[in-house]
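Novice: I'd like to ask some things about the structure below.
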Amino acid sequence: MKCPYCENETTKVKDSRETEGKVRRRRECAECERRFTTYETAEKLDIQVTKRDGAKEPFKESKIREGIQRAVQKTAITAEEVDEAVENVKKQVMGKQELTSEEIGNTVKKELQEMDEVAYIRFASVYESFDDAESFEEEIKELKEKQG
């Protein structure tokens, strides 16, 4: 954060508090010692998702989080790792205006594949709508081939 007075890039946060969905920070410049206030807001992901039936809806981080959380239940995956996976998915879709639900699902599958095999298979079975044991077997075979 640059000081608005002397343009020095070294500043210290003296106080931080949340106000009306924003984070208000009082900062002090290390060079000129003047104080100033900054406000931070989260960037909105204004992305339209085209579902398999052709319907469109806004991108919802909560849906990604819920899907990942369901997949990692009763595994060693921590809440922090779930948060990191959600952030990784968001980074990969950020900047796009329109995506298909398939693109998002495949991105989530890749994240889970790197985290935990069981969580990956759970997510894939729901996402791909496995309807028999052969579907599970094929997915497990593909997973093993990718791992070498």
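Any read-out appearing in this document is the output of simple, stated calculations on the displayed coordinates, not a laboratory observation. Computed from a prediction, not measured in an experiment: that's the story for all the values here. Cβ: placed from backbone, ideal geometry, glycine included. Neighbour counts: every protein chain shown.
Novice: If you place +1 on the Cβ of every Lys and Arg and -1 on the Cβ of every Asp and Glu, how big does the dipole about the Cα centre of the chain come out, in debye to the nearest 20? Mind showing how you got there, number by number?
Specialist: Working: 29 positive and 36 negative charges, 218 e Å.
Charge dipole, the chain, about its Cα centre: 1040 debye, nearest 20.
Novice: Would you calculate the separation in nanometres between label points at Thr50 and Arg34, each defined as 7 Å from the Cα along the Cα-to-beta-carbon direction?
Specialist: 5.1
Novice: Also, I was wondering about something else. For segment 8-17, just list the computed ³J(HN,Hα) in residue order, Karplus coefficients 6.51, -1.76 and 1.60, θ = phi - 60°, integers in Hz, with x standing in for Gly and Pro.
Specialist: Couplings: 5, 8, 9, 9, 10, 7, 8, 8, 9, 8 Hz.
Novice: Sticking with this structure for a sec: Can you list residues whose amide H is under 5 Å from Glu31's amide H, if they're 5+ apart or on another chain and H is modeled 1.01 Å from N?
Specialist: When sequence neighbours closer than 5 places are left aside, there are no close amide H contacts.
Novice: Please give the net charge around Val86, taking every other residue with its beta carbon less than 12 angstrom from that of Val86, where Lys and Arg add +1 and Asp and Glu add -1.
Specialist: Numbers: positive: Lys60, Lys63, Arg65, Lys90, Lys91; negative: Glu61, Glu66, Glu80, Glu81, Asp83, Glu84, Glu87, Glu111.
It works out to a net charge of -3.
Novice: Another question, if that's okay. Using Cα positions and a limit of under 14 Å, work out the aspartates and glutamates in reach of Lys14, with same-chain residues fewer than 8 apart set aside.
Specialist: Hits, sequence-local ones excluded: Glu28, Glu33.
Novice: (1) 104; (2) 153; (3) 170: which one is volume of the Cα convex hull per residue in Å³ as calculated from this entry?
Specialist: Answer label, from the structure shown: (3).
Novice: Going Cα to Cα from Lys63, which lysines come in below 17 Å? Please leave out same-chain ones fewer than 8 positions away.
Specialist: Partners found: Lys44, Lys51, Lys90, Lys91, Lys109, Lys110.
Novice: Then there is this: Which of Leu143, Leu112 comes first, and how do the rest follow, when ranked by fewest Cβ neighbours within 10 Å?
Specialist: Numbers: Leu143 14, Leu112 24.
Ranked by crowding around the Cβ, least crowded first: Leu143, Leu112.
Novice: While we're on this one: Can you compute the helix-only [θ] at 222 nm over the chain? Use -39500 (n - 2.57) per DSSP H run of at least 4 residues, normalise by all residues, nearest 500 deg cm²/dmol. Mind showing how you got there, number by number?
Specialist: Details: 5 runs with 68 residues, N = 148.
So the helix-based figure for the chain works out to -14500 deg cm²/dmol.
Novice: Would you mind calculating the relative contact order of the chain from Cα pairs under 8 angstrom and at least 6 residues apart, reporting the percent as a whole number?
Specialist: Relative CO of the chain lands at 16 percent.
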